[in-house]
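A short worksheet on the structure shown next.
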Amino acid sequence: MPTIFSRIIAGQIPGTFVWRDDRCVAFMSINPMAHGHTLVVPIAEVDHWVDGDPDLVAHLFSVTRIIGVAQKRAFGCERVGVILAGYEVPHAHIHVIPTNDMRELSFANAAATIDRESLEKAAEAIRIELRRDGHVGVI
C-alpha cells in the first residue's frame, strides 16, 4: 500500500510543493513546528533513510541544504534545524525547520492544523528565494 507521502507525490492528496526533481520533492508540513517547516522526501518509497542508496541520500541532503538556505533568507531565522525521525510515516523524509531557538525543534510544538493560505504564503517565500538562486527544481 502506498504511503501518505507517495499519495501526496502522486497528486492523490493535496500538497504544497516548493521543489520537485527526478529523485525527490519538498513540500510544506501540515503539522509545522515553525512557519516554513518543509519536508524533503524521496520519490521512491524508502522506509528508513539509512536503507537508501548512498547517492539518493546525498541528493536528499543536498536538496535539504538548498531548502535551508532559502528558508534562512525567506524567514530571517537564526538557524535552520533538521530532524530525521522516521517514526511518523514509513517513508524516509527530512524535516527542515526555520528556528530561532533550540526549543522550537520539538514535535510537541507541531501545530494540529494550519490553514492553506498560511502554507501557501510560506511556500511562496521559499520559492522566491529558490528562484533567486536559479534553482531549476522549483515548483
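What follows draws every value from the coordinates through simple rules; no lab data is involved. Computed from a predicted model, the values in this text were never measured in an experiment. Here the Cβ is made from the backbone with ideal geometry for all residues, glycine too, and neighbour counts use every protein chain on show.
Take the residues in region 52-68 that are of a type in the set (D, E, K, R) and assigned to a helix (DSSP H, G or I), then tell me which one is nearest to Ala122 (Cα to Cα).
My answer is Arg65.
What pairs come up if the first residue lies in region 26-38 and is on the phi > 0 side of the Ramachandran plot, the second is surrounded by fewer than 22 Cβ atoms within 10 Å (Cβ to Cβ), and their beta carbons are under 6 Å apart, counting only those six or more places apart or on different chains?
Close Cβ pairs (under 6 Å, with a partner that is surrounded by fewer than 22 Cβ atoms within 10 Å (Cβ to Cβ)) amount to Gly36/Phe75.
Counting only residues that are in contact with a Leu (Cβ under 7 Å, 6 or more places away or on another chain), of a type outside the set (A, V, I, L, M), assigned to a strand (DSSP E or B) and closer than 24 Å to Thr113 by Cα, how many does region 20-41 have?
Count: 1.
Count, please, the residues in region 107-132 that happen to be surrounded by 12 or more Cβ atoms within 10 Å (Cβ to Cβ) and outside any helix (DSSP H, G or I).
3
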